[in-house]
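**Q** Structure in structure tokens, see below.
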Amino acid sequence: MLVQRMCMLGFLLIVGIFEIDVVYGYNRPPPRQTPIIPNSDQNSHLLQQVHISAVGQNKMRISWITDIPTSAKVWYGPSPSANASSATGTTSSYRFLLYNSGQIHDVVIGPLNPNTLYYYRLGDPPSSQTYNFKTLPSQLPIKFAVVGDLGQTDWTRSTLEHVAKSNYDMLILPGDLSYADLVQDLWDSFGRLVEPLASQRPWMVTQGNHEVEKIPLIHRTPFTAYNARWRMPFEESGSSSNLYYSFDVAAVHVIMLGSYTQFDSSSPQYNWLKTDLQKVNRANTPWIVVLIHAPWYSSNTAHQGEFESVEMKASMEDLLYQARVDVVFAGHVHAYERFTRVYKDKANSCGPVHITIGDGGNREGLATKYIDPKPEISMFREASFGHGILEVVNASHAQWTWHQNDKDEAVVSDSIWLTSFSSNPSCNQ
């Protein structure tokens, strides 16, 4: 493993003259070390990197990796014996230069009862290790943990510890997961790091620039590792790509967009988004939440004027405004910032609230410099690692809280109550 990683790092020095779709738009602070999280199980062929994601209203996808071929089978049930039901899924793998992945297993289980604790075991015969997860509520309230640009540093660890204490129902992540940056064993390390949380609550993610992992002439296919390891329920929403999709949970319609795939008005993503928004029934899902990676609004000096931010905003902002999207979460900028309701760079009571939360714990450090004076549309900004909690209480009200953890203590630094557009007659169309 070490020799393979050294060879990869040497190779990256050779190909450094190529653009590899990772944007460096400003002078970052020195990067911190990214530790490799070893597999604690000497029999690593059994299972590792277990994580779950929601599929439809009453199903869950269980994903895990083994070093050798094993059965893609999940045993599950409401008791610790986890033997009431079983389901069989698919197994895949991928190659990236000198790296060969383990066996990636994906199994969809269900139908499941809402707000219920289930136990599960993996493989056939099933492993002796028993996992558990809690299904999502079918009605409000629901609590989302929101974390962007997570990485795998000591900052990441403290953020995950705080998230674990929040009693969240689902984690949503607007891109930049592992910061593997072509070194594929870092994807394995990340999977082991997040397993304690991601195996117990569904994690729904979208991609960022660090997931692209494309090398011109050498590895032409972007998102190879991301698409193989973090399969999301895109087909269920009519999407043709794992890079953008939507889903309903409780009374919230969540849309995950791709900042690093085509988004112009003639693109498949644009046409899918237009159709998806037209299908939303605000009587059933009074809240609409959107996640992107590259923020459309930011007063931080980092990443200003980038194509993915400027052009995606120009292409899609009208669609989100006309659909009365409530909140837009973004990552990429390694700092926290909350804007007022905004549309076309001005305060607008019928526009979405934009929140940048790209500071989960990445190795590149914080983006500490802001534009001065602060724009009037920027309500709160802070360069700190941390996480957010969006608790949708009912059809009309939700509370957003930002928890900073610079001192390894989760402290509420920003908080606001939001009112949904479905309950606001002045903005109804």
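The values are calculated or read from the model by the stated rules, or taken from the named source; none is laboratory data. In this text, all values refer to a predicted model and were calculated from it rather than measured experimentally. Don't worry about glycine lacking a Cβ; one is built from the backbone with ideal geometry, like all the others, and counts go over all protein chains shown.
**Q** May I ask you to list the residues in segment 280-295 that are assigned to a strand (DSSP E or B) and under 22 Å from G208 (Cβ atoms)? Spell out how you get there, then give the answer.
**A** In the first step, residues of segment 280-295 are kept if they are assigned to a strand (DSSP E or B); the result is 287-291.
The answer is I288, V289, V290, L291.
**Q** Within segment 156-206, take every residue that is among the small types (G, A, S) and part of a helix (DSSP H, G or I) and give me the one that is surrounded by the fewest Cβ atoms within 10 Å (Cβ to Cβ). Break it down stepwise before answering.
**A** Filtering segment 156-206 down to residues among the small types (G, A, S) leaves 158, 164, 166, 175, 178, 180, 189, 191, 198-199.
Filter again for part of a helix (DSSP H, G or I), leaving 158, 164, 189, 191, 198.
Values: S158: 20, A164: 14, S189: 20, G191: 26, A198: 23.
The qualifying residue surrounded by the fewest Cβ atoms within 10 Å (Cβ to Cβ) is A164.
**Q** Which numbered condition trips up M379, out of (1) in a loop (DSSP other than H, G, I, E, B); (2) aliphatic (A, V, I, L, M); (3) surrounded by fewer than 20 Cβ atoms within 10 Å (Cβ to Cβ)?
**A** All conditions pass for M379, except number (1).
**Q** Ok, one more. Could you tell me whether L273 is surrounded by 23 or more Cβ atoms within 10 Å (Cβ to Cβ) and either of a type in the set (G, A, S) or part of a helix (DSSP H, G or I) (or both)? Full working, then the answer.
**A** Details: surrounded by 23 or more Cβ atoms within 10 Å (Cβ to Cβ): yes; either of a type in the set (G, A, S) or part of a helix (DSSP H, G or I) (or both): yes.
The answer is yes for L273.
**Q** Next question, about the same structure. Under 24 Å from the mean Cα position of the chain (by Cα), among the hydroxyl-bearing types (S, T, Y) and surrounded by fewer than 19 Cβ atoms within 10 Å (Cβ to Cβ): which single residue out of S71, S93 fits that description? It would help to see each step written out before you state the result.
**A** Working: S71 fails: under 24 Å from the mean Cα position of the chain (by Cα).
Of S71, S93, the one residue that is under 24 Å from the mean Cα position of the chain (by Cα), among the hydroxyl-bearing types (S, T, Y) and surrounded by fewer than 19 Cβ atoms within 10 Å (Cβ to Cβ) is S93.
**Q** I'm trying to understand the selection: among the residues of segment 393-405, which are within 29 Å of L366 (Cβ to Cβ) and modelled with pLDDT of 95 or more?
**A** First, pick out the residues of segment 393-405 that are within 29 Å of L366 (Cβ to Cβ): 398-405.
A398, Q399, W400, T401, W402, H403, listed by residue number.
**Q** Right, here's the next one. Given the criterion touching a residue at least 40 places away in the same chain (Cβ under 8 Å) and within 21 Å of V254 (Cβ to Cβ), identify the matching residue among D176, D185.
**A** Working: D185 fails: within 21 Å of V254 (Cβ to Cβ).
So the residue among D176, D185 that is touching a residue at least 40 places away in the same chain (Cβ under 8 Å) and within 21 Å of V254 (Cβ to Cβ) is D176.
Conditions (1) closer than 22 Å to S166 by Cβ; (2) out of contact with any strand residue (DSSP E or B) (no Cβ under 8 Å at 6 or more places or on another chain); (3) part of a strand (DSSP E or B), marked per residue:
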residue	(1), (2), (3)
P111	no, no, no
P114	yes, yes, no
Y118	yes, no, yes
Q129	no, no, no
K143	yes, no, yes
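**Q** On to the next question. Under the condition of being of a type in the set (S, T, N, Q) and free of Cβ contacts under 8 Å to residues at least 40 places away in the same chain, which residue from segment 310-356 is farthest from K279 (Cα to Cα)? Quick ask: steps written out before the conclusion?
**A** Step one: of segment 310-356, the residues of a type in the set (S, T, N, Q) are 315, 322, 340, 348-349, 356.
From what's left, free of Cβ contacts under 8 Å to residues at least 40 places away in the same chain: 340, 348.
Numbers: T340: 27, N348: 24 Å.
Per the stated criteria, the residue is T340.
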